[in-house]
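Q: Sharing a structure, written as structure tokens. Questions coming.
The values are calculated or read from the model by the stated rules, or taken from the named source; none is laboratory data. Just so you know, these numbers come straight off a predicted model, no measurement behind them. All Cβ positions, glycine included, derive from the backbone under ideal geometry; neighbour counts span all protein chains shown.
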Amino acid sequence: KIDEDSAPAAKMSFSVSSDSMQFMTLCETLEAIENTTKRLVINDILTNFFIKLINESQKDLLPSVYLSLNQIAPTFEGIELGIGETVLVKAVSAVTGRSISAIRNDVKELGDLGKVAQSSKSSQKMMYTPKSLSIHTVFKTFRDIALITGKDSVTKKVDKIRSLLVACQGCEVKYLIRILEGKLRIGLAERSILTSLGTAFIKAKNPKASPEEIDEGVETLKSVFNEIPSYDQIIPALFDYGVNKLSERCHMTPGIPLKPMLAHPTKSLTEVLDRFEGKPFTCEYKYDGERAQVHRLADGSIKIFSRNSEDMTDKYPDIMEHIPEIITDGAQSFVIDAEVVAFDRLKNSILPFQVLSTRKRKDVNTANIQVQVSLYAFDLLFLNGKSLLTTTFRERRDLLHQNFRVVEGKFAFAKYMDAQTTEDIQYFLDDSVKENCEGLMVKTLVEESSYEPSKRSRNWLKVKKDYVSGIGDSVDLVVIGAYHGKGKRVGNYGGFLLACYDDQNEEYQTICKIGTGFSDSDLGEHTTFLNNHIIPGPKSYYSYADNAKPDVWFDAVQVWEIKAADLSISPVYRAGVGLVDSSKGISLRFPRFIRIRNDKSPENATTSSQIANLYQMQAVINNNSKNDDDLE
Ligand code: ATP
């Protein structure tokens, strides 16, 4: 059991037993989770598993958390498995003696190489029972596999996978293959992991803890995780200090990207003024590029992270070259929140997002760069060893301006105006659009102006240039199904089923069918891509109505940005069911495809509660305009 009051001297007590728990125990947990759709049951299953690890095999907790999330390291370390199907089919064939074509045929039918591997292996007679696999062995081998590069790397990977497969039994085969493929997808998100982890640590210390104590512990863990989203740091600290003292021990650290703060959409400028009435606020240009968190570590090295916490340092060698020019002596270590935009150095002007999206993503060489970029900084989150998250935005902005230098075409501060009237804001909005920006971000300056990692906060409002038409903002939805094309679309999909993400219940809820906004080549590309993600039927965490089933179902892997005319209550779609109407969902009317959002994972899609908010916002506005009409 853990001791909340243990002093740092007790630090090395990380592992009680040298034996690692069986991989089967983890797989049975994953299977139990996969077999239920009930969130509370899932949390209980996971909590009990974590308590077992805390009490019996502490060193297996960190690997188990990663494996449950289909990861082997924090996202920013970029160590990924994602072994191609061809390699895995080869390994399954070698171990089971079945032909590659027979395995492929089964995969076509079942849509899941994991299941095919499990049934192929179970029908195989074994000469002897292999030694059971431990969580430690599997995790270590996975990391070794991910790190193999260079000559003969495929053969070396297949050998390692074979050695694991030979030792696998029962459902271990299925989960081993799925994790290797990067397709675990049992509907388990970070939220469940954090809830269960917090609950497990509280209960392991005090099995009789009250629901309030548990909630408090879970909240502490979630807020620490927002500042320092790394299980590598947090899990050892949980063992050493317990949940309640975690925030004293784990702090924001340059080198570990924070989950970015997000904004609420607005549909009118009067809404902005109503929201911030009496409070000082500021308007900034909303640059249309790619979010970038720039970190300078204590050792002076620089790292750039994406909105999704991926390491983008190698993608922007040009920014890396510019950084020394923009830092003053006052900025030893820091974290800046900024937007990278495409920039025309000759005309000295910002270029639209479409230009940035043509820039190469990998293996970028400074000499070959075609699309130049400039960095627009809008927040300072950490400076010289100190977190600034709870400092007022006015102070953070002052510190940002004092400690960094503008270098034309390379680095600038987000343009701002501390406007007060609708007219001023409207002019500033028009200017932002003329300068190729998306609109404005309106932010509180003093009261309620702390930086809230990962939160879609009402202290940041976004006003987009086309806020007067459509639903005020585009939405980002996940493609979960498709309908076969007819007429000139035969051979491609002609329409797609989209879903938003319910982050409370961790499920995807259908919201509309879409067939507009695609060029013919778009449709071809979507068809080719999505054909690699067909599944035989809907996942247990898809919520849909029987009268809106697609011809083909997909794994939730891709996010699309969509615009729509408005939202309506629908008996056919499930988005936000229970939030606005007790039994009906919300659907988008006249949806139009805008672009693929590669910077968002499916769990970052627009949430059901955001959809419900957009619906309510629209209802308020419709009512207001009706009242205006009445007055006339
Ligand atoms: P979208 O970018 O489509 O509006 P999103 O969900 O990615 O949606 P939002 O919270 O809606 O993000 O909008 C904030 C985004 O706007 C930030 O992620 C950032 O990339 C970008 N941005 C541009 N300029 C600013 C600024 N001045 N302040 C904050 N964010 C800005």
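Q: Kindly establish whether residue 192 is part of a helix (DSSP H, G or I) and either surrounded by fewer than 18 Cβ atoms within 10 Å (Cβ to Cβ) or touching a Ser or Thr at 6+ places or on another chain (Cβ under 8 Å) (or both).
A: It is false that residue 192 is part of a helix (DSSP H, G or I) and either surrounded by fewer than 18 Cβ atoms within 10 Å (Cβ to Cβ) or touching a Ser or Thr at 6+ places or on another chain (Cβ under 8 Å) (or both).
Q: Then there is this: Which of the residues spanning segment 367-378 are touching a Phe, Trp or Tyr at 6+ places or on another chain (Cβ under 8 Å), surrounded by fewer than 23 Cβ atoms within 10 Å (Cβ to Cβ) and more than 16 Å from residue 355 (Cβ to Cβ)?
A: 377, the sole residue that qualifies.
Q: Within segment 459-480, is even one residue away from the ligand (no atom under 16 Å from the Cβ), touching a Lys or Arg at 6+ places or on another chain (Cβ under 7 Å) and outside any loop (DSSP other than H, G, I, E, B)?
A: Scanning segment 459-480, I find no residue that is away from the ligand (no atom under 16 Å from the Cβ), touching a Lys or Arg at 6+ places or on another chain (Cβ under 7 Å) and outside any loop (DSSP other than H, G, I, E, B), so the answer is no.
Q: What number goes with the only condition from (1) surrounded by 16 or more Cβ atoms within 10 Å (Cβ to Cβ); (2) at pLDDT 95 or above; (3) not β-branched (Val, Ile, Thr) that residue 232 does not pass?
A: (1)
Q: Okay, next question. State whether the residues of segment 548-561 include one that is within 16 Å of the ligand (Cβ to nearest atom), closer than 20 Å to residue 264 by Cα, buried (at least 20 other Cβ atoms within 10 Å of the Cβ) and more than 21 Å from the chain's Cα centre (by Cα).
A: Within segment 548-561, not a single residue is within 16 Å of the ligand (Cβ to nearest atom), closer than 20 Å to residue 264 by Cα, buried (at least 20 other Cβ atoms within 10 Å of the Cβ) and more than 21 Å from the chain's Cα centre (by Cα).
Q: From the residues in segment 128-170 that are touching a Pro at 6+ places or on another chain (Cβ under 7 Å) and modelled with pLDDT under 95, which one is surrounded by the most Cβ atoms within 10 Å (Cβ to Cβ)?
A: Among residues in segment 128-170 that are touching a Pro at 6+ places or on another chain (Cβ under 7 Å) and modelled with pLDDT under 95, the one surrounded by the most Cβ atoms within 10 Å (Cβ to Cβ) is 167.
Q: Provide a single number: the residues in segment 239-273 that are free of Cβ contacts under 8 Å to residues at least 40 places away in the same chain and in contact with a helix residue (DSSP H, G or I) (Cβ under 7 Å, 6 or more places away or on another chain).
A: 4
Q: Just give me the residues in segment 384-404 being within 28 Å of the chain's Cα centre (by Cα) and not charged (D, E, K, R), in sequence order.
A: 385, 387, 388, 389, 390, 391, 392, 393, 400 - these are the residues of segment 384-404 that are within 28 Å of the chain's Cα centre (by Cα) and not charged (D, E, K, R).
Q: Can you pull out the residues in segment 410-445 that are out of contact with any strand residue (DSSP E or B) (no Cβ under 9 Å at 6 or more places or on another chain) and either within 13 Å of the ligand (Cβ to nearest atom) or in a loop (DSSP other than H, G, I, E, B) (or both)?
A: Of everything in segment 410-445, just one residue is out of contact with any strand residue (DSSP E or B) (no Cβ under 9 Å at 6 or more places or on another chain) and either within 13 Å of the ligand (Cβ to nearest atom) or in a loop (DSSP other than H, G, I, E, B) (or both), namely 421.
Q: A further question on this structure: How do the helices (runs of 4 or more DSSP H) wholly within segment 243-349 filter down when requiring 2 or more residues that are within 16 Å of the ligand (Cβ to nearest atom): which remain?
A: Result: 269-275.
Q: On to the next question. I'm trying to understand the selection: among the residues of segment 414-466, which are over 15 Å from residue 274 (Cα atoms) and basic (Lys, Arg)?
A: Across segment 414-466, the qualifying residues are 415, 434, 455, 456, 464, 465.
Q: Write out, first by first residue and then by second, each pair whose Cβ atoms fall under 7 Å of each other, whose residues are 6+ apart or on separate chains, and whose first residue, in segment 580-609, is in contact (Cβ under 8 Å) with a residue 24 or more places away in the chain while the second is assigned to a strand (DSSP E or B) and polar (S, T, N, Q).
A: 585/509; 585/570; 586/570; 587/568; 587/570; 589/568; 608/509
Q: Suppose we filter 259, 245 for residues that are within 22 Å of residue 334 (Cβ to Cβ) and of a type outside the set (Phe, Trp, Tyr); which single one remains?
A: It is 259.
Q: Identify the residue in segment 583-620 that is under 29 Å from residue 186 (Cβ atoms) and hydroxyl-bearing (Ser, Thr, Tyr) and, among all such residues, is surrounded by the fewest Cβ atoms within 10 Å (Cβ to Cβ).
A: 583
Q: Out of 515, 578, 524, which single residue is over 29 Å from residue 38 (Cα atoms), of a type outside the set (Asp, Glu) and out of contact with any strand residue (DSSP E or B) (no Cβ under 6 Å at 6 or more places or on another chain)?
A: Among 515, 578, 524, only 524 is over 29 Å from residue 38 (Cα atoms), of a type outside the set (Asp, Glu) and out of contact with any strand residue (DSSP E or B) (no Cβ under 6 Å at 6 or more places or on another chain).
Q: Let me ask something else. Determine whether residue 513 is surrounded by fewer than 16 Cβ atoms within 10 Å (Cβ to Cβ), of a type in the set (Lys, Arg) and more than 19 Å from residue 267 (Cβ to Cβ).
A: No; evaluated as a whole, the condition is false for this residue.
Q: Given the conditions (1) exposed (fewer than 13 other Cβ atoms within 10 Å of the Cβ); (2) within 30 Å of residue 310 (Cα to Cα), and given that residue 99 satisfies all but one, which numbered condition is not satisfied?
A: Of everything listed in (1) exposed (fewer than 13 other Cβ atoms within 10 Å of the Cβ); (2) within 30 Å of residue 310 (Cα to Cα), residue 99 misses just condition (2).
Q: Can you give me the number of residues within segment 559-602 that are under 24 Å from residue 308 (Cα atoms), in contact with a Phe, Trp or Tyr (Cβ under 7 Å, 6 or more places away or on another chain) and not in a loop (DSSP other than H, G, I, E, B)?
A: 5
Q: I'm trying to understand the selection: among the residues of segment 391-404, which are farther than 14 Å from residue 335 by Cα and exposed (fewer than 14 other Cβ atoms within 10 Å of the Cβ)?
A: Those that are farther than 14 Å from residue 335 by Cα and exposed (fewer than 14 other Cβ atoms within 10 Å of the Cβ): 398, 402.
Q: Kindly indicate whether residue 522 is assigned to a helix (DSSP H, G or I) and not polar (S, T, N, Q).
A: yes
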